[in-house]
Amino acid sequence: MNIRDELIQDEGLELKPYADSTGNLTIGVGRNLDGRGITHQEAMYLLDNDIAECLHHLGNLFHGWLSYSTDRRNALTNMRFNLGPYGFMGFKKMISAIRAGKWQEAADECLDSGAARMLPGRYGRIAARLKDSDLPTSPE
């Protein structure tokens, strides 16, 4: 047995965080998140995977996805990342407006949400980029 298999056998493999026998938040094969955390490289790997998942979902949801401006694709990806797949799918009127090419209506629907009330700066930028896709992406 190789060391990887031996450690998985002894430590277990958990894909969601859990408290280990000493109460430390742990994930994977005994990775102590409280004590060790993750490296910058690991965080970027996870981020890249999460972005790829968002892009795949949005590409399937919007048939014209590749024809949207980069600003609009990035705004929708930002929103989908923040909300997760189920939260994003709750924006039925916004999705319908986008599919119809009604970007002002889509922006209005984005702003008429609990997410926008909780994160007004972020959702204000997202909505602005949906209706006018040439706006800068940096926060105020």
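The values are calculated or read from the model by the stated rules, or taken from the named source; none is laboratory data. Every value quoted in this text rests on a predicted model; they were computed, and no experiment measured them. Glycine gets a Cβ as well: all are built from the backbone with ideal geometry, and neighbour counts include every protein chain shown.
Among the numbered criteria (1) loosely packed, with under 11 Cβ neighbours inside 10 Å; (2) at pLDDT below 95, which single criterion is violated by residue 20?
Looking at each condition in turn, residue 20 falls short on (1).
In segment 67-91, which residues are free of Cβ contacts under 8 Å to residues at least 12 places away in the same chain and within 8 Å of the chain's Cα centre (by Cα)?
Residue satisfying the conditions is 84 alone.
Under 6 Å between Cβ atoms, which residue pairs at least 6 apart in sequence (or on different chains) link something in segment 5-21 that is assigned to a helix (DSSP H, G or I) with a partner that is surrounded by 10 or more Cβ atoms within 10 Å (Cβ to Cβ)?
7/29; 8/29; 11/29; 11/30
Conditions tested, residue by residue: (1) in contact with a strand residue (DSSP E or B) (Cβ under 6 Å, 6 or more places away or on another chain); (2) under 30 Å from residue 128 (Cβ atoms); (3) surrounded by 11 or more Cβ atoms within 10 Å (Cβ to Cβ).
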| site | (1), (2), (3) |
| --- | --- |
| 5 | no, no, no |
| 9 | no, no, yes |
| 13 | no, no, yes |
| 24 | yes, no, yes |
| 27 | yes, no, yes |
| 54 | no, yes, yes |
| 82 | no, yes, yes |
| 92 | no, yes, no |
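Please give the helices (runs of 4 or more DSSP H) falling wholly within segment 46-140 in which 2 or more residues are on the phi < 0 side of the Ramachandran plot and touching a Leu at 6+ places or on another chain (Cβ under 7 Å).
70-89, 103-111, 120-131
Find the residue count for segment 58-68, including only residues that are of a type in the set (Ser, Thr, Tyr) and either surrounded by fewer than 14 Cβ atoms within 10 Å (Cβ to Cβ) or under 20 Å from residue 84 (Cα atoms) (or both).
Residues in segment 58-68 being of a type in the set (Ser, Thr, Tyr) and either surrounded by fewer than 14 Cβ atoms within 10 Å (Cβ to Cβ) or under 20 Å from residue 84 (Cα atoms) (or both): 1 in total.
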